[in-house]
Amino acid sequence: METTQSAGRRTAGVRKWWALLGFGAATFAAAAIGGLGVRGTSAEYQSLEQPAWAPPSWLFGPVWTVLYALIAIAGWLVWRRVGFGPALGAWVAQLVLNAIWTPLFFGAGRYGLAFAEIVVMWLAIGVTVALFRRVSRPATLLMLPYWAWVTFAAALNFAIWRLNS
């Protein structure tokens, strides 16, 4: 016979996994929204004047897939510790900024505006990392590859802007 306490634990366990799926869905939605109305990004990227250190276009898909998974898990870990609050507010803000960048850069071809936006996104990721650090070391560590990649992406955005202006 199952006790009320063990049934409650099982329900809480199921709830945490559904929440992880929710965080995954949120990051997937940000990626999908960022890609709406933006076609031919690979061809456009290849047609741009680029610095010698620019990566090939095929690399972006695998890198972003891993990063979005890390972002989702990091948010979920923080949610499990403290629920919704300032740390997850910052997480949502940087995710929204992430979704905005692709349409600015590829959809509108506004490389300078996209650079300004990615700088704001970089700062928002920094705030998120600082707030996550107070809550969960693993979540903080999971956000660092993303922050590093956005640092690189910002430098690449700047170089492409300068070379194509």
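When each of Q50, Q46, Q5 is tested for being modelled with pLDDT of 90 or more, polar (S, T, N, Q) and either more than 14 Å from N98 (Cβ to Cβ) or outside any helix (DSSP H, G or I) (or both), the lone residue that passes is Q50.
Residues in region 53-66 that are modelled with pLDDT of 90 or more, exposed (fewer than 15 other Cβ atoms within 10 Å of the Cβ), within 18 Å of the chain's Cα centre (by Cα) and not polar (S, T, N, Q): L59, P62, V66. Of the helices (runs of 4 or more DSSP H) entirely within region 67-165, those holding at least 2 residues that are at pLDDT below 95 occupy 86-102. Give just the number: which of (1) without any contact (Cβ under 8 Å) to a residue 60 or more places away in the chain; (2) farther than 30 Å from S165 by Cα does Q94 not satisfy? Here Q94 clears every test but (2).
The values are calculated or read from the model by the stated rules, or taken from the named source; none is laboratory data. Keep in mind it's a predicted model, so treat the numbers as computed, not measured. Cβ: placed from backbone, ideal geometry, glycine included. Neighbour counts: every protein chain shown.
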